[in-house]
Every structure is written in structure tokens, then in C-alpha cells.
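The structure appears right after this line, and notes come after that.
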Amino acid sequence: MIKVSNLRKVYSTGSVAVEALKGVTLTMHKGEFVAVMGPSGSGKSTFMNLLGLLDTPTSGNYWLEEREVSSLNKNELASLRNQKLGFVFQAFNLIPALTALKNVELPMLYAGVKPQERRQRALLALEKVGLGERLQHRPNELSGGQNQRVAIARAIVNRPSVIMADEPTGALDTKTGEEIMEIFEELHREGTTIVLVTHEPDIAKHAKRILRFKDGLLIRDEEVTNRTISS
Ligand code: ADP
Ligand code: ADP
């Protein structure tokens, strides 16, 4: 369902060009749970930005559910992004002035869902992540783990086929991080594809497959077993 072939990205600033991705080829099937690892500067963010339709490759191809998307324009990318993808970030990226409920309703506002259905679906999403009792709280009235639950509810509310998570446990303590990973495991069991960037082996081991990047290349691609888990 996600296929990339020879994906390259060159950033040019003035006379300086950086080849951040040097030709990455891989396939992810529907429902896979994939962790992306590698040192700082290895191309993980660039790869995630391309998969997340936030940027376009310099060359190469990207098929998202049969559709070749590498040359779509900004509007087409945005619309596909809203339909197919959900995002979770390290810093939650919630809107401070809005309640949990309103934060989760926001993506549906952009998608043109009617108010009553927005409310209903936001409620269900918040209940699903265990926050049914915190609907009217604002981000500064919630813990880090609770805010990340709100962010996950926001990511799933348009029923995306893929969730892209960038260091989702990076700002959380170990126990809270494990609780958040259990939510991703549940979404995986329900058939959502999950692509997760992490530098923590204990977080990566929740995935079923690990991609390791180095210097803009995919240097390892392996199933998760006890043996494969190391930073
Ligand atoms: P990672 O997420 O693994 O830390 P990045 O994808 O952010 O790696 O970066 C890969 C390389 O591309 C690095 O050399 C980085 O400095 C460079 N890079 C990333 N984004 C940009 C950008 N917007 N402009 C110029 N260079 C960039
Ligand atoms: P992380 O590795 O924590 O994901 P990075 O430091 O790689 O974050 O990148 C943070 C942001 O800065 C990204 O949006 C990336 O595209 C941008 N960036 C990274 N390196 C450069 C660079 N050399 N020039 C311009 N922008 C960059």
C-alpha cells in the first residue's frame, strides 16, 4: 500500500546541495507496524516528510494505495493527506486555547464534516484513547501522556489508513510512553498502518519491522525479533 522506488531528495540552499535521501526503495503492506531508526542527519525526517506528503521528492516514485503521488501539486497533496494520513508528534502540537474535544474536531472541520457528526466522532475517538472524561480540558490542564492521547485521537478521527508518528514518546516518561505504545499496538491490531520514528530500542520493539537509515540510505530492513533489537 506504500511503495517507494529510488526515492531521492536533494535540498539546495544557495550554492550548497545536500542529498538527504540517496535512493530508497521499499514496500509497506497495509497494516504493517514499522519503526524508522538511524542517527541524527541520516534522513529519517526527510523520509517521513515525503511519506507524509509534506514534501515532494527530487526524483523517484511513491505509490500510496496504488496511486503515484510523487508529482501531485500542493492542493492535491493536502487533500490526500487529510483523507489518508494521521500525524502524531513528539511535542503533541495541540492548540492551547482549545479543549480536547475541539482539538480533535479540528481535522474534521477541514474535511467538511457537519458539526453534530464532528462532535460524535471526536467523542468516540477520545473514548477510544481513554480520555472520555477529559473532554473540556485544555492542553495545559492535562498531563503529557493525556495530551498525547488527545493528539492520537486527533490523528485517528478521519479514519486514516496510515498513522505517521515522529518520536511520539520522546517527551514522556518510560511508563507513560509504554501506555502510548499500547494505543499504537491496538490501532495496528485493527489494521491501521503505523510508521514510527524513534531512537529508543524499547519503543522500536513494539513494531514488527525496523528500517535503519544511515547517510541518506536504507541500510537495514528487518523483522523485529529479540535479536534485532539494539540501538
Ligand atoms: P534525521 O531526521 O535523520 O535527523 P534529516 O532528514 O532531518 O535527518 O536530515 C538529513 C540531511 O538533510 C541532513 O544532512 C540535514 O542537515 C539535511 N536537511 C534536512 N532538511 C533540510 C532542509 N530543509 N534544508 C537543507 N538541508 C536539510
Ligand atoms: P530531527 O532529526 O529531530 O527530526 P532535524 O534537526 O533533522 O530534526 O530537523 C528539524 C527541522 O529542520 C526539519 O524540518 C528539517 O527539515 C530542518 N532542517 C534540518 N537540517 C537542516 C538544514 N541543514 N538546513 C535547513 N533546514 C534543516
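Observations on the structure shown:
- Cβ-Cβ distances below 6 Å connect the following pairs, each with a first residue in the stretch 170-182 that is closer than 14 Å to residue 151 by Cα, a second residue that is in a helix (DSSP H, G or I) and of a type in the set (S, T, N, Q), and a separation of six or more residues or different chains: 180/148.
- Looking across the stretch 144-182, the residues that are within 23 Å of residue 117 (Cβ to Cβ) and not basic (Lys, Arg) come down to 150, 151, 152, 153, 155, 156, 157, 158, 160, 161, 162, 163.
- Filtered residue count, the stretch 1-24, keeping only those that are open to solvent by 40 Å² or more (accessible area, probe 1.4 Å), within 23 Å of residue 66 (Cα to Cα) and within 16 Å of ligand 2 (Cβ to nearest atom): 1
- Taking the criterion of being in contact with a Ser or Thr (Cβ under 7 Å, 6 or more places away or on another chain) and over 16 Å from residue 197 (Cα atoms), the residues of the stretch 22-64 that qualify are 25, 30, 31, 56, 57, 60, 61, 62.
- Only strands (runs of 3 or more DSSP E) whose full extent lies in the stretch 26-104 are considered here, and the ones with at least 3 residues that are surrounded by 15 or more Cβ atoms within 10 Å (Cβ to Cβ) and touching a helix residue (DSSP H, G or I) at 6+ places or on another chain (Cβ under 8 Å) are 33-37, 85-89.
- Residue 49 meets each of the listed conditions (1) away from ligand 1 (no atom under 12 Å from the Cβ); (2) touching an Asp or Glu at 6+ places or on another chain (Cβ under 7 Å); (3) under 21 Å from residue 218 (Cβ atoms) apart from (1).
The values are calculated or read from the model by the stated rules, or taken from the named source; none is laboratory data. Quick caveat: nothing in here was measured; it's all calculated off a predicted structure. FYI the Cβ positions are ideal-geometry reconstructions off the backbone, even for glycines, and counts take in every protein chain you see. We work out accessible area using only protein heavy atoms, side chains counted, and drop any ligands, DNA or RNA first. Shrake-Rupley method; radii C 1.70, N 1.55, O 1.52, S 1.80 Å.
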